[in-house]
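Step one of this worksheet: look at the structure below.
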Amino acid sequence: MLIAGPTASGKSAIALRLAEIAGGVVINADSAQVYADLRILTARPTVEEEARVPHRLYGHIDGGVACSAPLWAADAKAAIQHAQGLGRLPILVGGTGLYLRTLLDGIAPIPPIPEAIRAEVRALPVAAAHRLLAEVDADAAVRLRPSDTTRVARALEVIRGTGRTLAQWQTERVGGIAGEVRVVPLILSPPRDWLRARCDARLETMLGNGADEEVAALLARGLDPALPVMRAIGVSELSDWMAGRIDRATATGRAQAATRQYAKRQQTWFSRQFPHTWPRSHLQLDNDSVDEYATKLRTEALTA
């Protein structure tokens, strides 16, 4: 079973209830929830929720390590196989489309980039890297934001290291599991106004539950600001508040806005990247409808 959707759409609640009634294992497919440092700020399942059914790939990576789609996909394959070996239903749940696409469709067989080239590219200011990328891969330069440090550097290092553009490599895919397993998908796509309100309310709840203390502990580690965990939504906003650069209300508003924008991007991505034949749900989920919907999914997952 695969349950995907934007942040705050209710997918974790459905996955939890489905796992309870179908004998399932919940497997995380959210790129922020893999990190051990940010349970509250990334809305990972609580300790109590994790005790109700088996959960895998939540908080299993230290924030000082950069997880990637291929690394996660390898872990997810192992988690799926383990669940199947126990006779349990694997339930993938998350909102990171790239992770899910990598797992299902595989990855481009790009060879390792020589370390000297990687170091040279990564040392460039992002504006300079973007200008150089435009000279050798104009399509990528147009497609990528000039401020997108990670993706601009990756596109530039790939063409310098292999002589082929990233887009050319991505026409080839290896290692996907879509042809090996039966996927029963569900995409949650609730109304925008309802989702925006949920995003705002959840951020307030996070702050009430100690998200600021969580971020303070993360900052105390002195990690590289470029690491994914340091770029999780809310980290920079709460950091500015705790440093006295902005007040709490401003930090909250900025984090809420970033969350809403992220949810909007997720909905757009899912609408374009996954097959149109995959079922979409526009339900505004509450406790009663979660139970009812999970029961319906149980039948679909076990009989498809």
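The values are calculated or read from the model by the stated rules, or taken from the named source; none is laboratory data. Please read all numbers here as calculations on a predicted model, not as lab measurements. Reconstructed Cβ throughout: ideal geometry from the backbone, glycine too, with neighbour counts over all protein chains shown. These accessible areas exclude ligands, DNA and RNA; they are computed on the full protein's heavy atoms, side chains included. Shrake-Rupley method; radii C 1.70, N 1.55, O 1.52, S 1.80 Å.
Details
- Some residue of segment 186-194 being over 20 Å from the mean Cα position of the chain (by Cα) and either buried (at least 16 other Cβ atoms within 10 Å of the Cβ) or in a helix (DSSP H, G or I) (or both): yes
- Matching residues, segment 261-286, being within 30 Å of Gly210 (Cα to Cα), open to solvent by less than 60 Å² (accessible area, probe 1.4 Å) and not polar (S, T, N, Q): Ala263, Leu285
- Applying the condition of being closer than 30 Å to Leu195 by Cβ and among the polar types (S, T, N, Q) to segment 77-129 and asking which residue is nearest to the chain's Cα centre (by Cα) yields Thr96.
- Set side by side, the residues Ser271, Ser289 differ, and just one is over 25 Å from Asp37 (Cα atoms), part of a helix (DSSP H, G or I) and in contact (Cβ under 8 Å) with a residue 40 or more places away in the chain, which is Ser271.
- Within the set Arg298, Arg221, Arg248, the sole residue that is more than 24 Å from Asp37 (Cβ to Cβ) and open to solvent by 60 Å² or more (accessible area, probe 1.4 Å) turns out to be Arg298.
- In segment 15-28, the residue that is farthest from Ala197 (Cα to Cα) out of those that are open to solvent by 10 Å² or more (accessible area, probe 1.4 Å) and in contact with a strand residue (DSSP E or B) (Cβ under 8 Å, 6 or more places away or on another chain) is Gly23.
- In segment 117-174, the qualifying residues are those that are under 27 Å from Val229 (Cβ atoms) and of a type in the set (Asp, Glu), and the one that is surrounded by the most Cβ atoms within 10 Å (Cβ to Cβ) is Glu157.
- Flag if Val93 is at pLDDT 95 or above, touching a His at 6+ places or on another chain (Cβ under 8 Å) and not in a loop (DSSP other than H, G, I, E, B): no
- Given (1) more than 16 Å from Leu2 (Cβ to Cβ); (2) outside any helix (DSSP H, G or I), index of the condition Ala78 fails: (2)
- Count of segment 51-69 residues which are buried (at least 16 other Cβ atoms within 10 Å of the Cβ) and part of a helix (DSSP H, G or I): 1
- Only residues that are under 20 Å from Gly95 (Cβ atoms), touching a residue at least 40 places away in the same chain (Cβ under 8 Å) and hydrophobic (A, V, I, L, M, F, W, C) were counted in segment 31-83, giving 12.
- Of Ser12, Ser31, all but one fail to be hydroxyl-bearing (Ser, Thr, Tyr), modelled with pLDDT of 95 or more, under 14 Å from the mean Cα position of the chain (by Cα) and open to solvent by 10 Å² or more (accessible area, probe 1.4 Å); the exception is Ser31.
- Pairs where the first residue, in segment 151-178, is more than 30 Å from Met1 (Cβ to Cβ) and in contact (Cβ under 8 Å) with a residue 12 or more places away in the chain and the second is in a helix (DSSP H, G or I) and among the hydroxyl-bearing types (Ser, Thr, Tyr), C-beta under 9 Å, 6+ apart: Trp169/Thr162
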